[in-house]
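The values are calculated or read from the model by the stated rules, or taken from the named source; none is laboratory data. Because the structure is a prediction, the values reported are computed rather than measured. As a convention, Cβ positions derive from the backbone with ideal geometry for all residues, glycine included, and neighbour counts pool all protein chains shown. SASA here: full protein model, heavy atoms, side chains in, ligands and nucleic acids out. Shrake-Rupley method; radii C 1.70, N 1.55, O 1.52, S 1.80 Å.
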Amino acid sequence: MSLSRKDVLHVATLARLHVTDAEQEELAQELSRILAYAAQLNTLDLVASLAGVEVTSHMSVSSMVTRPDAQGESLPPEVVLANAPDAEEQQFRVPAVLEG
Amino acid sequence: MDFFSSLLELHAGLLKREATASELADLSLQRIATLDDRVHAFLHVSANCVAAAAQKTETVIGRESILDGIPYALKDNMCTRGIETTCASHILKGYIPPYSATVAERLDDAGAVLVGKLNMDEFAMGSSTENSGFFPTRNPWDLERVPGGSSGGAAAAVAAGMVPFALGSDTGGSIRQPAAFCGVVGLKPSYGLVSRFGLVAFASSLDQIGPLTHTVEDAAIVLQAIAGKDERDSTSANIQAPDYRAALTGDVRGLRIGIASEYFGPSVESGVRDAVTKAIALLEQLGATVSPISLPHTEYALSAYYLIAPAEASSNLARYDGVRYGVRAADAGNLLDMYQKTRSTGFGSEVKRRILIGTYALSSGYYDDYYKRAQQVRTLIRQDFLDAFESVDVIVSPTAPTTAFRLGEKVHDPLTMYLSDICTIPVNLAGLPAISVPCGIIDGLPVGLQMIGRMFDEQTLLRAAHAYEQAAGMAPLRPALAMGVKA
């Protein structure tokens, strides 16, 4: 499995990362090597032995855990906002979603 | 008394008034001041811990807790209310959590005194602590070598006697491998035994918090304080923690030990192999029986791990977007631009690499070939262990294939770096408890023996590790750096 610069750019966009031209080339090579290693999971013997095998996503949670729908304590708004890079009137402020 | 004394000795010293809790906290600060400009284990030192210790002893005096008045430090991915928590990442610089992790609260309740926060690979992604966004930590046994990772700061701080114990986190070996490299004990409990509330998430189905100490008994004492159900972590198991220290009988007669050839492959250095083989022979002398077992899907574990962990990380790390906490990049034209600039400047290269791998593995068209298949392999690896534990009680192997490597040796080769976790990763995939105990020194560098136990059977695991440790007579190991440092 080999990743092109275009693939890297596509995945980076999905991950909300900006990669420079130089990084694209380097990452294409690095990620290709890691995925080539991971491609051992696609060997025919293994794929055959995986037929019908359930997935394991978690070790301890066999069913969804829910808590009672009861009112609990929450952090006060000023504490929640204390770490915000920008806040105004009990809200997180961000740059415009659309330009102009 | 110094921080190579056992926790029970320190506790007895406090009870006999040979030292006060504030004096121990002050001793820790002195040791850090003397040694940490060379080791670089700490990201943050709480200068007010001496006053906090004094106040604490006043309020909790007379209590039975062994940890009352004992100083300790936390890997910097565990939230501490009012104390900066960065995960060694620039993106969290300046983040002051409004709450504490459950483990920090429990240790606080037990009377332990937090001295500081420890360096790590950024977001726990790495095996050498060279991926810290701030500076690398050095191995107290050889300052030109890495302490392992990602809990490298925790292992180094305990190894150098700056604190008597620390907590680390282990996603693929991040407690055990640095423990092995630094000559200390590192315990990864069963998945779900210790609450992860307040642990900054890396790979949620694999992450687990555990202690780094000088002895197995100390590990049992710390585990006792942090284990148990927590309503704030839905993955925390509904289990009443048994008395772990009572399990340390020193008796392993009849204990069935399994040896898997898959863990003694060609990547294991001969010195490491010899030390582990000797340890196994000693366990046999103590009355344990040793038999070969097979874990046939081990060869696929690394591939599965390096798809599952990055996939979970790519999702978990989506929250760092410059909106609610942490650093925001300046000069962004719009919201999307702000996200991208913040994340690209805030994350280091290994973190970005893993986010990209994970995003790719989860992306449309590749999900079945990568993520789903990796999760199926996980089932097979878990089944391998279940089958093996039909006939044995504990599985013994090297913790890492080598001793501590040199700084810079592997940092430009991600895949080779990943291979240093080859003996520890399968254990996380299966959720099992495992411990690393020092089993020798080669060319001045410690070697770690890994023992793997059944799910939630920490008692048998600790009993085996403790019996070996007592018979081997090596603990606590003291690096030359920590000798001749006056208390």
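Points to keep in mind about this one:
- Taking a ≥ b ≥ c as the square roots of the eigenvalues of the Cα gyration tensor, the stretch B:354-487 is classed as oblate, since a/c reaches at least 1.5 and a/b does not exceed b/c.
- Seen through its C-alpha gyration tensor, with square-root eigenvalues sorted a ≥ b ≥ c, chain A comes out oblate because a/c lies at 1.5 or above while a/b is not bigger than b/c.
- Farthest toward positive dipole pole in the protein assembly as shown [+1 Lys/Arg, -1 Asp/Glu at C-beta], among A:29, B:237, B:135: B:135
- 1.4 Å probe accessible area per residue over the protein assembly as shown, in Å²: 39 Å²
- If only the Cβ of Lys and Arg carry +1 and only the Cβ of Asp and Glu carry -1, the dipole of the stretch A:5-49 around its Cα centre is close to 160 debye.
- Options B:161, B:282, B:48, ranked by Cα towards positive dipole end of chain B, top entry (Cβ charges): B:48
- For the protein assembly as shown, the share of alpha carbon pairs falling in successive 10 Å distance bins from zero is 4, 18, 29, 28, 16, 5, 1, 0 percent.
- DSSP assigns beta bridges within the protein assembly as shown; of those with both partners inside it, close to 70 percent run antiparallel.
- Net +/- balance of residues flanking residue B:175 in space, Cβ distance below 10 Å, scoring K and R +1, D and E -1: +2
- Percent RCO, i.e. relative contact order, over chain A, from Cα pairs under 8 Å lying at least 6 residues apart: 19 percent
- When only Cα pairs below 8 angstrom with a gap of at least 6 residues are kept, the stretch B:264-370 shows a relative contact order of 26 percent.
- Full-extension gain in nm, residue B:470 to residue B:319, via 0.36 nm per residue minus C-alpha separation: 49.8 nm
- Partner lysines whose Cα lies under 18 Å from the Cα of residue B:229, excluding those fewer than 8 positions away in the same chain, are identified as B:188.
- Environment charge at residue B:323 (Cβ cut-off 14 Å; Lys +1, Arg +1, Asp -1, Glu -1): +3
- Take the Cα of residue B:81, step 7 Å toward its Cβ, do the same at residue B:204, and the gap between the two points is 2.4 nm.
- Karplus-derived 3J(HN,Hα), 6.51/-1.76/1.60, for each residue of the stretch A:77-82, Hz, glycine and proline x: x, 5, 6, 4, 7, 4
- Residues losing 40 Å² or more accessible surface upon assembly, the stretch A:5-33, compared with the chain by itself, 1.4 Å: A:11, A:15, A:16, A:17, A:18, A:30, A:31, A:33
- Under the Karplus curve 6.51 cos²θ - 1.76 cosθ + 1.60, θ = phi - 60°, whole-Hz ³J(HN,Hα) for the stretch B:88-96, x wherever Gly or Pro sits: 6, 10, 5, 5, 10, 4, x, 6, 10
- Per-residue [θ]222 nm for chain B (sum of -39500 (n - 2.57) over DSSP H runs n ≥ 4, rounded to 500): -11000 deg cm²/dmol
- Summing charges over all other residues whose Cβ lies under 14 Å from the Cβ of residue B:24, with Lys and Arg as +1 and Asp and Glu as -1, gives -2.
- The A and B chains share an interface that buries close to 5200 Å² of accessible area, total over both sides, probe 1.4 Å.
- Rough spin-label spacing in nm, given labels placed 7 Å along Cα→Cβ, for residue B:483 and residue A:48: 5.9 nm
- Interface burial in the stretch B:301-339, defined as at least 40 Å² less accessible area with all protein chains than with the chain alone at a 1.4 Å probe, covers B:303, B:323, B:324, B:328, B:334, B:335.
- Here chain B is scanned for GluC sites (Glu not before Pro) in DSSP loops (not H, G, I, E, B) that have at most 12 other Cβ atoms within 10 Å, and the longest stretch holding none of them is B:232-389.
- Gap separating the Cα centres of the stretch B:438-487 and the stretch A:71-97, nearest whole Å: 47 Å
- Shape class for the stretch B:69-140: oblate, because the ratio a/c of the largest to smallest gyration tensor axis (alpha-carbon atoms, square roots of eigenvalues) is 1.5 or more and b/c is at least a/b.
- For residue B:239 and residue A:70, a Förster radius of 22 Å and the Cβ-Cβ distance give a FRET efficiency of 0.35, rounded to the nearest 0.05.
- Candidates B:396, B:206, B:461 compared by Cα position along the dipole of chain B: farthest toward the positive end lies B:206, with charges placed on Cβ.
- Charges were assigned to the Cβ only: +1 to each Lys and Arg, -1 to each Asp and Glu. The resulting dipole of the protein assembly as shown about its Cα centre is roughly 220 debye.
- For the protein assembly as shown, the carbon plus sulfur part of the accessible surface works out to 50%, probe radius 1.4 Å.
- Computed over chain A, the per-residue total of -39500 (n - 2.57) for DSSP H runs of n ≥ 4 gives a 222 nm mean residue ellipticity of -11500 deg cm²/dmol, rounded to 500.
- Of A:78, A:30, A:54, the residue with the greatest mean-square motion in the GNM of chain A, using alpha carbon springs below 10 Å, is A:78.
- Solvent-accessible surface (1.4 Å probe) assigned to residue A:2 amounts to roughly 90 Å².
- The charge dipole of chain B, taken about the Cα centre with unit charges on the Cβ atoms of Lys, Arg (+1) and Asp, Glu (-1), comes to about 560 debye, rounded to the nearest 20.
- Helical segments meeting 24 Å axial Cα length and Kyte-Doolittle 0.0 threshold in chain B (DSSP H): B:21-39
- Pairwise label distance in nanometres, residue B:274 with residue A:93, each label 7 Å out on the Cα-Cβ vector: 6.8 nm
- Once C-alpha pairs closer than 8 Å and six or more residues apart are averaged by separation and normalised to the residue number of chain B, the relative contact order reads 18 percent.
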